[in-house]
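> Below: one structure in structure tokens.
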Amino acid sequence: MKKVLTLVLAVLMLVTCVAAFSACSKTNDDFVAVDAADLLQEDFGIAVKKNSPELLAAVNTVVDEWVANGTMTKYVEYYTALADYAEKGGTAPEAGDLKTSWDFGTATEVITVYTESGFAPFEFIYNNEVVGVDFAIMNQVAVNMGKKVVVKDIAFDTIPTSVKSDTGLAVGAAGMTITDERREEVDFSSIYYSSTLVVVSAKDKAIGSVAELAGLKVGVQEGTSGDLIISDAKGDGYSYEVEKEDGTVETIVVKAAGATVSQYKQYALALADLKAGRIDAILMDKLPAQTMLSAAE
């Protein structure tokens, strides 16, 4: 009897080890990011502390100019390539005529920039400092205002509150979607980038909508649009309005009943759980998702 029990336990351990190896051996190439067909695009803005008209105007001056002349697109492409280079190596991308370093001179007054640095190409760590599209914007704003940037790398969901409670000039620069809820705590700059949410899931079981997440385990970064949307969708539903061709407004309700939500501080942690089979999908912004999946293992 003891020998039979030992054999059974050994077989069970072998099966467990094989299953664990199979899950952990999955690579980024085994997953795909698919646009959530039942959601609208989202608009990113710099979150500026309320009652800071000079700072808001300075941010808008840079954003509006760069969007109009194509510089913003160039920065998105450059920092996407730089994030890829930082992960995979190879040949470093050429910045061309883009400015990638800023001299604050002898400035003593600061603009505190709150961010969460795991959101390439908008912000990520390169050569031990935070770089990216958002920091190109804010570094240029600081130079134009004769000030300097101080970076606070914090949890994403605390950024609006941190900007609101800061006693000096402060912004949140973190690929932040403009929402009415966040407008209660901060002002937003002009739109500098528009994105769609995607569902990151296994290629052989690709998921293309929030509705398809019903009953599944979904990973999100805490406090992001993905977090807010799936949290609503698994309950009474996430709703938004769409203007039709005849001028009438239709309310769209997206539901994902029975979905289980796991919140993470960083997307890298969610990806690790996805590879291990602990969650079924990640709901996040498109460009960071593509950058994350293109990164080296």
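> Return P(r) of the stretch 46-191 (all Cα-Cα pairs; 5 Å bins starting at 0; whole %; ordered from short to long distances).
Calculated over all Cα pairs of the stretch 46-191, the distribution is 2, 10, 20, 23, 21, 14, 7, 2, 1, 0 percent.
> Lys/Arg Cβ at +1, Asp/Glu Cβ at -1, dipole of the chain taken about the Cα centre: which of 274, 174, 59 is farthest positive-ward?
After comparing all options, I get 274.
> Taking residue 255 as the anchor, which aspartates and glutamates have their alpha carbon closer than 18 Å to its alpha carbon, excluding any fewer than eight residues away along the same chain?
The qualifying aspartates and glutamates are 35, 38, 212, 227, 232, 236, 241, 280.
> Please list the three semi-axes, largest first and in whole Å, of the ellipsoid equivalent to the stretch 160-297, using sqrt of 5 times the eigenvalues of its alpha carbon gyration tensor.
26, 22, 15
> Okay, helix-only estimate at 222 nm for the chain: each DSSP H run of n ≥ 4 adds -39500 (n - 2.57), divide by all residues, round to 500 deg cm²/dmol; what do you get?
-11500 deg cm²/dmol
> Binning at 10 Å from 0, report for the chain what percent of all alpha-carbon pair distances ends up in each bin.
Reading upward from the zero bin: 6, 25, 30, 22, 10, 4, 2, 1, 0.
> If I fit a long axis through the Cα atoms of helix 267-276 and take the longest principal axis of the Cα atoms of the chain, what angle between them do I get, 0 to 90°, rounded to 10?
10
> Viscosity 1.002 mPa s, temperature 20 °C: give me the Stokes-Einstein translational D for the stretch 66-144 in µm²/s, with Rh taken as the Kirkwood radius over C-alpha pairs.
For the chosen part, D equals 161 µm²/s.
> Taking the 0 to 90 degree range and rounding to the nearest ten, how far is the long axis of helix 133-145 tilted relative to the main principal axis of the chain, both from C-alpha atoms?
Between the helix axis and the principal axis of the chain, the angle is about 20 degrees.
> Within straight cross-link reach of residue 164, meaning Cα distance under 23 Å, which lysines are found once same-chain residues fewer than 8 apart are removed?
49, 50, 147, 148, 152, 265
Just so you know, all these numbers are worked out from the coordinates, no wet-lab data involved. As the structure is a prediction and not an experimental result, all values here were calculated from the model. Reconstructed Cβ throughout: ideal geometry from the backbone, glycine too, with neighbour counts over all protein chains shown.
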